[in-house]
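Just below is one structure, and these are the notes that go with it.
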């Protein structure tokens, strides 16, 4: 027997009482998830938080109707059966797994929850012979299908055009400050600062493996340094720049990527082939940085290109001159 798989009950083997108990626990879990979403979003997106509060209240009403029916048919003792006890039953992603993916991802997750619940109630209604139970389950299936419309009504009530625009601006700003800005700074640092040691080593030794090892060490070391520096420099509480851990990872990883871009070509054994490929990679890296600055930071493209390409060219020239001297 495989633990956690073979020990689960099959949905077709559940009694009508167990189906009701499963529906009750599922509605309770969904209400808690919606409330968690609301609390998660309340500080930065108060109007969307109200939408999730309303959806949680809807789930509470469904749960109470199911409990009333269970009490009428089977008494007040509800069997303990949850989603994870039933093989093949839909699962909910943990809130902590969704919370880092942004407001639109949370809204999409909520829509998926409603579709899963609708499908469950349709199947559950087919499994029961009691008229009252079948009627309630069918009504709940219709209610879950109508939740998207209800969510739209709640959004219309709490999210006017100005509120939605303000939340979108807040979401964009959080994304830029937490991910794009530190990542861009890391990419620039990794791409530019490692040029000198990599190409100085290349022209001094004309040994591709040694050059690669120097580039690898410089890239990894710079990534670790930038990551820790970004995480330790600002906890995000006052600046609103978001989690220092997220910013540290973004900055550190992109710094390492920027350096490895022109170190990896030196895995090619032929020196001049590797060097020409590295030249091309550097060119692409610098123009990509200029494009990102223009796309996300609203920096005029030609100004960004001039700054990045000029700086990179100077560092590159310094590395070649030192290595050739």
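For region 258-281, the criterion of a residue being at pLDDT below 80 and part of a loop (DSSP other than H, G, I, E, B) is satisfied by no position. Screening residue 104 on (1) loosely packed, with under 14 Cβ neighbours inside 10 Å; (2) farther than 23 Å from residue 56 by Cβ shows it passes everything except condition (2).
I need a count of the residues in region 64-88 that are assigned to a helix (DSSP H, G or I) and either farther than 13 Å from residue 23 by Cβ or touching a residue at least 40 places away in the same chain (Cβ under 8 Å) (or both). Lay out the reasoning, then the answer.
Residues of region 64-88 assigned to a helix (DSSP H, G or I): 64-74, 83-85.
Checking the rest, the ones that are also either farther than 13 Å from residue 23 by Cβ or touching a residue at least 40 places away in the same chain (Cβ under 8 Å) (or both) come to 65-67, 69-74, 83-85.
Result for region 64-88: 12.
For region 1-16, the candidate set comprises residues that are modelled with pLDDT of 85 or more and assigned to a loop (DSSP other than H, G, I, E, B); within that set, the residue that is nearest to residue 91 (Cα to Cα) is 14.
Just one of 201, 205 is assigned by TED's automatic domain parsing to the domain that holds residue 315, modelled with pLDDT of 90 or more and crowded, with 21+ Cβ neighbours inside 10 Å; which is it? I'd like the intermediate steps shown before the answer.
Numbers: 205 fails: crowded, with 21+ Cβ neighbours inside 10 Å.
It is 201.
Taken together, the criteria exclude residue 213 from residues that are in the same structural domain as residue 178 (by TED's automatic domain parsing), under 22 Å from residue 312 (Cα atoms), touching a residue at least 12 places away in the same chain (Cβ under 8 Å) and surrounded by 14 or more Cβ atoms within 10 Å (Cβ to Cβ). Looking at region 264-286, which of its residues are in contact (Cβ under 8 Å) with a residue 60 or more places away in the chain and closer than 15 Å to residue 312 by Cβ? The answer is 278, 282, 285, 286.
Any idea which of 115, 134, 105 is more than 18 Å from residue 18 (Cβ to Cβ), modelled with pLDDT of 80 or more, part of a helix (DSSP H, G or I) and out of contact with any strand residue (DSSP E or B) (no Cβ under 6 Å at 6 or more places or on another chain)?
Numbers: 134 fails: more than 18 Å from residue 18 (Cβ to Cβ); 105 fails: modelled with pLDDT of 80 or more.
The conditions single out 115.
Total residues in region 42-54 satisfying the condition of being surrounded by 23 or more Cβ atoms within 10 Å (Cβ to Cβ) and assigned to a helix (DSSP H, G or I): the figure is 3.
When residue 62 is tested against (1) within 23 Å of the chain's Cα centre (by Cα); (2) buried (at least 23 other Cβ atoms within 10 Å of the Cβ), only condition (1) is not met. Do we find that residue 42 is touching a strand residue (DSSP E or B) at 6+ places or on another chain (Cβ under 8 Å) and either over 12 Å from residue 103 (Cα atoms) or in the same structural domain as residue 142 (by TED's automatic domain parsing) (or both) in this structure? Against the criterion (touching a strand residue (DSSP E or B) at 6+ places or on another chain (Cβ under 8 Å) and either over 12 Å from residue 103 (Cα atoms) or in the same structural domain as residue 142 (by TED's automatic domain parsing) (or both)), residue 42 does not qualify.
The values are calculated or read from the model by the stated rules, or taken from the named source; none is laboratory data. Source: prediction; values computed, not measured. With ideal geometry, Cβ positions are generated from the backbone for all residues, glycine too; neighbour counts draw on all protein chains shown.
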